[in-house]
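A short reminder: the numbers here are calculations on the coordinates, not readings from a lab. All values reported here derive from a predicted model rather than from experimental measurement. Here the Cβ is made from the backbone with ideal geometry for all residues, glycine too, and neighbour counts use every protein chain on show.
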């Protein structure tokens, strides 16, 4: 709040004493600074706690970034009220969901602070990741392919043709949105390996997923290399080969 604006408000309500106005203004600035510090400390403590929880699930390396639940804009409002109670409530909620995730979804969870939100995402095993990626590329029409031969970086845009794909993998699908079926594979093909991300619509499905690159003829297109490599990886991870 700017000082001249604050002074005009005080004068509007009949307070003319400059000393009183200045003291009130300084008190407000002090309170704002204190609140900001509390929020900063709370976020730091949350991140430390999340780091400890994350170390317990390092054996799962890949995540489907699909929120199980989301604390919307709670960081500021809750932390400055009572930091300790909130942290314990947060841990209790994590424990409550953990058994569900492990027994029903064959995975565990990832925790991430995004702005003032706390995002809980399902983490699954590599075989599930390979299955989603292969299913997406097998049921798509390629619309755009870009490749940099120097860096190995590629971007492949496709449109998913099978509407049941979303149901099979519990991916949010909004038919009314123009890009709902648009899938983007982006990453690097280098040193006989492919490391890529997969986004469908506006949802990040895979991040940093790596597979072996199938060796093909020199003239084989990038999209065909990814298609063949993904299907080979899917067969290996899911015990079909």
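General remarks:
- Ordering of 223-234, 8-19, 187-198 by packing [mean C-beta count within 10 Å, highest first]: 223-234, 187-198, 8-19
- Each peptide in 138-146, 206-214 gets a packing score, the mean of other Cβ atoms within 10 Å over its residues, and the list from highest to lowest is 206-214, 138-146.
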